[in-house]
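Encoded as structure tokens, the structure appears first; notes follow it.
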Amino acid sequence: MKFGTKVIHAGIEPDPVTGAVMTPIYQTSTYAQESPGQHKGYAYARGHNKTRNVLQANLAALENGQFAFCFGSGMAATSTVMQLLNPGDEIISTDDLYGGSYRVFTKVFERFGLKYQFVNMDSMEELEKRITPATKMFWVETPTNPMLNIIDIVAVCNLAKKYGIKVCVDNTFASPYLQNPLDLGADIVVHSATKYLGGHSDLVHGCIIVNDKETADNVYFLQNAVGAVPGPQDCFLLLRGIKTLHLRVERACQNAKKVAEFLLTHPKVDKIYYPGFESHKGHEIAKAQMRDFGAMVTFNLKDDTFEAAAKVMENVEYFTCAESLGGVESLIGHPASMTHASIPRENRLKVGLTDSLIRLSIGVEDVEDLIEDLQKALDA
Ligand SMILES: *Cc1c(COP(=O)(O)O)cnc(C)c1O
């Protein structure tokens, strides 16, 4: 089954009771048992909910995985992966990591004895030097936020296999339409389904997808034991959002390319970070491991000040100034004062995250309007 068919049909069948074409919202916490302990596989909704199960089957298919598990947020999914590990285990992660992941790793899981190294994953020789006997997992995020660096998933997985290390990829920025890490050798995929999978900025949700039965059993145990499960209403919304994932992401990618090309021509724009440009240092890797280059575009201004960035952001009409990404509507964000404000300025500057850096999440509007909007705001 191809991708555009999977989003609509994989794991989804008309409701056996009524024939409802759309998966019903099973808004129930418990299920009637015929006699004590005898039920239809559904005993209590933390363990199983039909709306969630259908969604999980669909998500597994999208990532070419055997098993998927849903959670109340991307961070709940991330935390569940950490709970697969034991005190003393070490995780090597990228140094350009989603802020919420960095926070939960260092402020929560370090307290429970997990150890972290944050490294640049461009060079496999450098990464190999950091491996210790305690290293149990590589945590990869690609493309990264907001600099849109690309990490070579195949290279990281090959190195990991040599040492028996598991690889988990946060695939949020690419979405399963653009990139399938399990096919590239990863063991675990996590998503903040809040972003492209949901696609309409109307829910918070996360998921884990794996192929290996033992890991799946352990993730299911944690899903039920720890209990960070999503409600059935959000599972329904996510199922609905996913049906157009391929159409949305395809259009958003086309729009992003045109927006990036427009920015290239504007005299006030300094650097543009977009993996679709041949000049981007991760371009060849992105071409090899992604179907398209994504719909995120980051740039900074020649007048590299907070005030200059604020002026652009205040003068856009169709772009909404907001955190998050991956919805049908275009968003504009200023990482230095919004998502990355808690990172000291010197550290931000080291990775290129300057005072005027602006991040665009390109939506599916008519691109002529988006470009006109940016033109006006930049000229203001
Ligand atoms: C948003 C995001 C998360 C966290 O997901 P929530 O659904 O907000 O909990 C994790 N990783 C990446 C890359 C994200 O963009």
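Read-outs: derived from the displayed coordinates by stated rules, not from any lab. Note that the structure is a prediction, hence the values are computed from the model and not measured. Backbone-built Cβ (ideal geometry, glycine too); neighbour counts: all protein chains shown.
Tabulated values for the structure
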quantity: For the chain: relative contact order, % (alpha-carbon pairs under 8 angstrom, 6 or more apart); calculated: 17
quantity: For Val312, net neighbour charge (Lys/Arg +1, Asp/Glu -1) across residues whose Cβ lies under 11 Å away; calculated: -2
quantity: Sum of -39500 (n - 2.57) over DSSP H runs of 4+, divided by residues of the chain (222 nm, nearest 500); calculated: -11000 deg cm²/dmol
quantity: Mean Cβ count within 10 Å, highest first, over the residues of peptides 85-92, 126-133; calculated: 85-92, 126-133
quantity: Net charge contributed by nearby residues that have their C-beta within less than 11 Å of Thr244 (K/R +1, D/E -1); calculated: +3
quantity: GNM flexibility winner over the chain from Val351, Val229, Val17 (Cα, springs under 10 Å); calculated: Val17
quantity: Burial ranking of peptide ranges 322-331, 358-367, 278-287 (average Cβ count within 10 Å, highest at the top); calculated: 358-367, 322-331, 278-287
quantity: Exposure proxy order (Cβ contacts within 10 Å, fewest to most) of Phe118, Phe293; calculated: Phe118, Phe293
quantity: Rg over Rh, two decimals, the stretch 245-379 (C-alpha only, Kirkwood Rh); calculated: 0.94
quantity: Within-13-Å neighbourhood charge of His283 [Cβ basis; K, R +1; D, E -1]; calculated: -1
quantity: Taking the C-alpha atoms of the chain, convex hull volume expressed per residue in Å³; calculated: 141
quantity: Reference-scaled alpha-carbon Rg (2.2 N^0.38 Å with N residues) for the stretch 127-176; calculated: 1.19
quantity: Asn224 paired with Lys162, simple spin-label distance in nm, labels 7 Å along Cα-to-beta-carbon; calculated: 4.0
quantity: Spatially proximal lysines relative to Lys287 (Cα-Cα < 19 Å; intrachain offsets below 8 disregarded); calculated: Lys257, Lys258
quantity: Val249, Val21, Val104 arranged by Cβ crowding within 10 Å, fewest neighbours leading; calculated: Val21, Val104, Val249
